[in-house]
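Q: Sharing a structure here in structure tokens format.
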Amino acid sequence: MTNPQHSAIAEQVWQNIYSETEQTLAAEPVLAPFLQATILDHSSMGQALSYHLSSKLASSAMPATMLRELMDQAFAEPAIIQAAARDIQATVDRDSACNLFSTPFLYFKGFLALQAYRVAHSLWQGDQRSLALLIQHRISLVFAVDIHPAAIIGAGLMIDHATGLVIGETAVVEDSVSIMQSVTLGGTGKESGDRHPKIRCGVLLGPGAKILGNIEIGEGAMVAASSVVLKPVAAHDIVAGVPASVVGHTKTQEPSKVMDHYFKCS
Ligand SMILES: CC(C)(COP(=O)(O)OP(=O)(O)OC[C@H]1O[C@@H](n2cnc3c(N)ncnc32)[C@H](O)[C@@H]1OP(=O)(O)O)[C@@H](O)C(=O)NCCC(=O)NCCS
């Protein structure tokens with residue numbers, strides 16, 4: 001079902017990307033071929049993403065033309081493009097190093113890996129599992145981000161820096177979550193079946209956090225850098241340490257949106 005608000009965001013984000021790129025082109029003519037091919041030659045964000053990701057992820061096993069056909073099909077689905085636009089909006093809102101909508105689109109591998117995962121997820125759901133796994137493999141090699149195509153991931157995510165991010169097969173990440181580099185949403189190695197974490201809305205996961213097992217990280221919670229979380233975390237709790245324990249409570253409903261890493265031990 002199309003959400004009119006999300007559809008308006010998607011339209012606005014694409015217009016911003018396009019007009020920023022025209023300005024960049026005027027200021028940096030040397031980038032003309034790249035900016036033209038990646039953004040200005042396209043009439044929609046779906047087409048532009050399809051081109052950009054296909055050229056980055058192509059390999060001898062799956063040449064860019066073949067990949068582009070798959071991506072065109074996936075990005076024709078409005079929900080996927082709307083999720084991508086909300087991811088860009090989230091990045092501009094939360095990443096202090098990003099003040100242009102075109103920056104995540106062109107250069108941020110966390111954003112690009114997430115959109116390629118969305119294509120792999122749609123193939124997985126359509127029972128094209130080998131293709132989905134091949135795309136996962138390419139994402140992992142090219143972006144150093146390993147997301148299983150069966151994982152369920154919401155929209156409005158910011159994945160900052162992204163290197164070393166691992167998200168397992170039965171993990172769930174709800175809307176409006178922020179994830180820093182080197183986070184693992186993995187199994188303990190002692191369970192089978194549904195064995196990965198469930199990350200609820202508005203959670204902020206600090207760099208290097210390892211969350212292991214089928215445990216819930218409650219809405220608006222925060223996990224401090226390099227914590228090893230082995231037990232469920234209640235909504236709005238802040239946990240830190242190895243193994244992690246509660247050290248405070250978040251001051252905002254959605255710490256992911258304000259990127260408030262501050263915590264005061266209670
Ligand atoms: C999950 C795992 C940490 C085990 O945790 P566990 O269920 O607490 O296991 P144990 O019962 O062996 O833990 C014993 C104690 O060591 C602590 N502990 C566990 N991991 C620890 C760590 N990394 N550092 C310090 N202490 C740790 C536990 O809290 C527990 O302490 P306690 O007895 O005071 O409560 C371990 O099996 C592991 O690291 N598995 C690897 C999983 C992995 O690589 N997943 C990634 C998949 S992508």
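The values are calculated or read from the model by the stated rules, or taken from the named source; none is laboratory data. Here the structure is a predicted model, which means the values were calculated and not measured. Please note: Cβ atoms are built from the backbone with ideal geometry, for glycine as well, and neighbour counts cover all protein chains shown.
Q: Of all residues in region 169-189 being among the small types (Gly, Ala, Ser) and under 15 Å from Ile217 (Cα atoms), which is nearest to the ligand (Cβ to nearest atom)?
A: The extreme case among them is Gly186.
Q: Considering region 146-164 alone, what residues qualify as being crowded, with 22+ Cβ neighbours inside 10 Å and more than 10 Å from the chain's Cα centre (by Cα)?
A: The answer is Pro149, and nothing else.
Q: Residues being farther than 22 Å from Arg118 by Cα and among the hydrophobic types (A, V, I, L, M, F, W, C): count how many of those fall in region 1-52.
A: Number of matching residues: 10.
Q: Could you run through region 184-208 and say how many residues are surrounded by fewer than 24 Cβ atoms within 10 Å (Cβ to Cβ) and either modelled with pLDDT under 95 or not basic (Lys, Arg) (or both)?
A: Going through region 184-208 one residue at a time, the tally reaches 13.
Q: Within region 1-40, track down each residue that is outside any helix (DSSP H, G or I) and more than 19 Å from Glu77 (Cα to Cα).
A: Result: Glu28, single match.
Q: Touching a Ser or Thr at 6+ places or on another chain (Cβ under 9 Å), assigned to a strand (DSSP E or B) and either touching a residue at least 40 places away in the same chain (Cβ under 8 Å) or within 16 Å of the ligand (Cβ to nearest atom) (or both): is that true of Asp194 in this structure?
A: Criteria not met by Asp194.
Q: Also, I was wondering about something else. Given region 198-256, what strands (runs of 3 or more DSSP E) lie entirely inside it while holding 3 or more residues that are within 16 Å of the ligand (Cβ to nearest atom)?
A: Filter on region 198-256 gives 210-212, 245-249.
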